[in-house]
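First the structure, in the form of structure tokens, and then the observations on it.
Any read-out appearing in this document is the output of simple, stated calculations on the displayed coordinates, not a laboratory observation. Model, not experiment: these values are computed from the prediction. Cβ: placed from backbone, ideal geometry, glycine included. Neighbour counts: every protein chain shown.
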Amino acid sequence: MVAILQAVFSGLALGGIYALVALGFNITHSTTKTLNFGQGELLAAGTVIAVSGVMLLAGKGMHGTLDPQDVTLWRYAVSLLISVVVLGLLGVLLYYTAVRPFIGLGGLSWVMSTLGFGIIIQNTALAIWGPSAMVIPSPLGDNVIRIGGAGVLPQEILVVAASVVVMLCLDTVMRKTKIGKAVRAVAHNKNAATLMGINVPAVVVLAFAISSSLAGLAGLLIAPITTASVFMGLSIALKAFSAAIVGGLNNARGCMLGGFLLGLVESMVGLWHAELREISIFMLIILVLVLKPEGLLGTRVAEKV
Amino acid sequence: MSAFSNPKSVAVALAVSLCGLVSAVHAQDIKIGYNADQSASGTAELGTAGRWAFEAAIEDLNKAGGILGRKVVGIIRDDLGAPPKSIQIMNELIDNEKVDAVVGSANSGNALAWLHIPQQKKVPVMVSIATATEITRRYAKEPQNYLFRVSMVDREQVALLVAYAVKASKGQKIAILADSTGYGQGGARDATEVLALHNVKPVLVEKYGPKDTDMTSQLTKIREAGADTVIIYGIADGSGHVLRSMEKIDYLPTTLGTWGNLSSLLPRIAGSKLAEHLILAASTTEDSNAKAKALGERVRKNFPTLTTFACSAQTYDSVMLLAAAMKLANSTDGEKVAAALEQVSGVQGVIKTYDKPFSKTDHEGLGVADFYLARWKGSSVVRYQDAITRSITPADLKR
């Protein structure tokens with residue numbers, strides 16, 4: 001019983017990260033019908049930027065080692081903010097260089113260009129930070145909290161709480177505010193949105209900025225659990241993309257559901273046979289694609305020719 | 001107008017003559033390559049510790065007049081912990097740089113990936129860090145095995161860890177948790193075989209991915225199997241995450257780990273309190289003699305955060321053994337040097353004086369008699385002793 005509870009906690013923490021990144025895929029997809037395949041590299045870049053931010057704030061230089069007392073909550077928060085802003089700007093850059101030139105052209109040029117953008121970011125980060133993993137202690141300490149006999153790290157609770165809060169905020173903004181309505185209008189029909197006086201390019205740029213910032217946020221949240229490295233992004237982004245597919249790429253709530261679902265499946269299967277984790281996840285994806293290609297909560301879009 | 005009034009032609013002439021000079025000098029030099037991860041994986045600290053000792057050894061050799069009156073040049077490469085990169089470097093060192101010998105590989109998986117290259121091209125290799133048992137054994141039946149080692153050896157450290165585990169466990173409930181790389185799985189196999197020599201069957205053998213950070217599910221199963229002693233077979237980052245997961249599920253059995261846990265990644269990931277829980281196999285320490293202390297200080301000048309001194313000492317001694325063999329063979333020919341390595345004796349190293357360390361069938365410079373158990377204490381590793389370590393006799397060290 002305790003073992004299952006333990007797996008649920010691990011799964012939720014992992015799922016929160018997948019959900020955040022999956023949400024990033026949803027935002028750009030619903031506004032431009034494109035995805036940033038370099039999302040994982042952006043996530044890694046955001047993380048190493050934030051870890052360096054903490055080091056610089058602690059007066060340790062760029063390549064120091066962080067002791068637990070160096071990572072205070074405010075240093076963590078300030079670095080998080082820096083990384084979210086830098087990532088937002090990178091998102092804008094990504095849009096203008098790798099997405100905008102190809103929108104509406106048909107074909108899949110943007111797949112290659114966003115992949116390429118990600119690789120450029122990764123190699124730049126590699127040149128600056130090098131390939132080794134950076135250890136960042138959690139700002140909340142490493143004392144295990146016991147819930148029903150199962151152990152949870154404070155950072156894991158922070159991951160789940162922060163991702164749920166961010167998702168609820170985004171969900172409210174999207175459904176209740178004018179700007180959210182504008183985003184949804186653009187997603188629904190660009191031409192009609194333009195005719196209604198919505199600044200479509202601005203909305204689209206915003207979508208890319210938010211999408212990238214979410215990756216940066218996810219990265220720093222998970223770094224104290226996994227360690228930070230330039231290569232940490234790919235597997236997270238791949239799972240997050242899978243989560244978006246399972247939940248429904250065009251439905252924000254579906255992406256969140258998919259994220260948590262995948263996290264839980266991964267840790268539950270691990271309880272049984274560690275080596276079957278990845279297999280079971282991708283089996284689930286294939287199954288969902290066969291039975292409900294639009295994803296669990298996705299809506300089928302009739303392509304008009 | 002003479003040719004030399006034109007500055008361009010002067011430059012060209014100068015460059016041409018310099019090139020000639022440089023290659024002439026190079027033909028005289030003895031080249032030794034160093035191929036190990038110094039930046040990427042959990043073994044980077046081990047590779048870096050080796051690298052500076054490698055340079056120190058070459059400096060010392062040159063100060064003493066080089067080898068056979070020729071200058072020694074070290075060629076240092078970083079394989080980033082990636083087997084394909086390591087293979088590429090090995091080819092480059094042997095084919096392009098034409099090295100006379102190679103020292104290196106911090107990762108066993110990398111060494112196992114390129115073993116065939118120096119063996120086929122007859123270039124002696126001194127493995128000074130990687131520990132996989134198979135490294136010196138794969139070509140042991142060939143007329144000449146070109147792979148030698150001065151390092152911890154998996155089979156030997158397993159002998160020590162298992163001897164401790166069998167005595168520490170009540171009711172012989174021992175589990176093995178290994179990472180899924182070639183290194184971890186090879187170690188798990190060694191541990192299972194050595195346990196069998198003690199007539200013990202592990203209660204469970206589990207594995208984790210090298211990038212995993214949550215091993216609670218594997219550990220839960222190990223706990224349910226009733227294990228009170230766990231042997232972790234992995235490098236420092238993986239072991240660190242295992243210790244963290246142990247704390248999470250409130251399960252702290254007697255935990256034994258490998259020599260790779262000398263890397264400071266272990267206390268940095270697990271925290272110093274948890275890191276102290278792990279008992280690990282060690283080969284040599286800085287305080288063992290004056291030579292070791294001096295080498296430690298020299299390496300620390302370039303690498304102030306050194307915690308993996310054993311790698312420095314082993315790499316230093318590896319270079320010295322190669323030099324002794326070249327002198328004995330009176331040649332740098334790979335075949336002759338490899339044969340001479342099996343004959344060298346009385347070589348003064350940092351760890352010990354090597355009296356006939358290698359034979360035709362045994363290419364291990366160090367053995368279980370040179371090893372002991374250790375534990376992290378704050379920011380350094382200290383020798384670990386308790387009633388069980390004191391009761392271990394040579395007969396217990398089955399292998």
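Ranking B:Gly334, A:Ala192, B:Ile351 by Cα position along the charge dipole of the protein assembly as shown, where only Lys, Arg, Asp and Glu carry charges on their C-beta atoms, puts A:Ala192 farthest toward the positive end. Our compactness index for the stretch A:2-291, the C-alpha radius of gyration over the empirical 2.2 N^0.38 Å, is 1.00.
Rounded, prolate or oblate: which fits the protein assembly as shown when a ≥ b ≥ c are the square roots of the eigenvalues of the alpha-carbon gyration tensor, with rounded for a/c under 1.5 and prolate only if a/b beats b/c? Spell out each step's value before the answer.
On the way: a/c = 2.32, a/b = 1.42, b/c = 1.64.
It is oblate, given that a/c is not under 1.5 and a/b is not larger than b/c.
In debye, nearest 20, what is the charge dipole magnitude of the stretch A:1-150 about its Cα centre with +1 on Lys and Arg Cβ and -1 on Asp and Glu Cβ, if you could check?
Working: 5 positive and 4 negative charges, 54 e Å.
Approximately 260 debye in magnitude.
Farthest toward the positive end of the dipole of the protein assembly as shown, out of B:Ile89, A:Leu271, B:Val125, is the Cα of A:Leu271, where the dipole comes from beta carbon charges about the Cα centre. Entry for chain B at q = 0.07, 0.08, 0.09, 0.11 Å⁻¹: log10 I(q)/I(0) = -0.34, -0.43, -0.53, -0.76, Debye formula applied to identical alpha-carbon scatterers, no solvent contribution.
About its Cα centre, the dipole of the stretch A:246-305 is roughly 280 debye, where the only charges are +1 on Lys and Arg Cβ and -1 on Asp and Glu Cβ. Dividing the convex hull volume of the alpha-carbon atoms in the stretch A:180-243 by its residue count gives 104 Å³ per residue. Within the stretch B:82-174, the ratio Rg/Rh, alpha carbon atoms throughout and Rh by Kirkwood, equals 1.12.
Hey, got the average number of other protein chain Cβ atoms within 10 angstrom for residues in A:265-275? Walk me through the numbers before you get to the answer.
On the way: counts 0, 2, 3, 1, 1, 9, 5, 2, 3, 10, 5.
Mean partner-chain Cβ count within 10 Å for A:265-275: 4.
For the stretch A:2-291, the relative contact order comes to 40 percent (Cα pairs under 8 Å, sequence separation of at least 6). Scanning residues 5 or more positions from B:Thr133 or on other chains, those with amide H under 5 Å from its amide H are B:Asp154, B:Arg155, with H placed 1.01 Å from N in the peptide plane.
Using the Cα atoms of the stretch B:300-399 to build a convex hull, what is its mean projected area in square nanometres? Numbers along the way, then the final one.
Working: hull surface 34.9 nm².
For the Cα atoms of the stretch B:300-399, the hull's average projected area reads 8.7 nm².
Charge tally around A:Pro139: other residues with Cβ under 11 Å, Lys/Arg +1 each, Asp/Glu -1 each, net -1.
Which value, in debye to the nearest 20, gives the size of the charge dipole of chain B about its Cα centre, when Lys and Arg are +1 and Asp and Glu are -1 at the Cβ?
280
Sorting A:Glu41, B:Glu59, B:Glu342, A:Glu266 on the 10 Å Cβ count, fewest up front, what's the list?
B:Glu59, B:Glu342, A:Glu266, A:Glu41
Here the stretch B:29-102 is treated as a Stokes sphere of Kirkwood radius computed over C-alpha pairs; at 37 °C and 0.692 mPa s its diffusion coefficient rounds to 259 µm²/s. Remark: B:His116, A:His29, B:His241 ranked as B:His116, A:His29, B:His241, counting other beta-carbon atoms within 10 Å and listing the fewest first. Taking the helices alone, chain A has a mean residue ellipticity at 222 nm of -23500 deg cm²/dmol, built from -39,500 (n - 2.57) per DSSP H run of at least 4 residues and averaged over all its residues.
Only helical DSSP H runs with n ≥ 4 go in: add -39500 (n - 2.57) per run for chain B, normalise by residue count and round the 222 nm mean residue ellipticity to 500 deg cm²/dmol.
Helix-only estimate at 222 nm: -13500 deg cm²/dmol.
Shielding of peptide B:217-226 by partners, expressed as the average count of other chain Cβ atoms within 10 Å per residue Cβ, is 4.
Just how many pairs of Lys in the stretch A:2-291 have C-alpha atoms closer than 28 Å, counting pairs that are eight or more places apart or on different chains? Provide the component values of the computation, followed by the final result.
Working: A:Lys33/A:Lys176; A:Lys33/A:Lys178; A:Lys33/A:Lys181; A:Lys33/A:Lys190; A:Lys33/A:Lys239; A:Lys176/A:Lys190; A:Lys178/A:Lys190; A:Lys181/A:Lys190.
For the stretch A:2-291, qualifying lysine pairs total 8.
For the residue pairs B:Lys201/B:Lys352; B:Lys327/B:Lys356; B:Lys360/B:Lys398; B:Lys63/B:Lys336, alpha carbon separations beyond 27 Å are given by B:Lys201/B:Lys352. Normalising the average separation of contacting C-alpha pairs (under 8 angstrom, six or more residues apart) by the number of residues puts the relative contact order of chain B at 18 percent.
Screening chain A for DSSP H helices whose Cα atoms reach 20 Å or more along their own axis and whose mean Kyte hydropathy is at least 0.5 gives A:2-32, A:39-57, A:73-94, A:109-129, A:154-176, A:200-226, A:233-247, A:252-272, A:277-291. Only one residue of B:Ala44, B:Leu68, B:Val200 has its Cα farthest out toward the positive end of the dipole of the protein assembly as shown, where Lys and Arg carry +1 and Asp and Glu -1 on Cβ, and that residue is B:Ala44.
What's the average, rounded to a whole number, of partner chain beta-carbon atoms within 10 Å of each residue's beta-carbon in B:36-46? Please list the in-between numbers first.
Values: counts 0, 2, 2, 3, 8, 3, 2, 0, 4, 1, 0.
Counting Cβ atoms of other protein chains within 10 Å of each residue's Cβ and averaging gives 2.
Please report how far the C-alpha centroid of the stretch B:315-375 lies from that of the stretch A:134-200, rounded to the nearest whole angstrom. After rounding, the separation between the Cα centres reads 60 Å.
Treat the count of other C-beta atoms within 10 Å as a stand-in for reagent exposure and order A:Cys169, A:Cys255 from fewest to most. Write down the numbers at each step before the final one.
Details: A:Cys169 10, A:Cys255 34.
The most exposed by this proxy come first: A:Cys169, A:Cys255.
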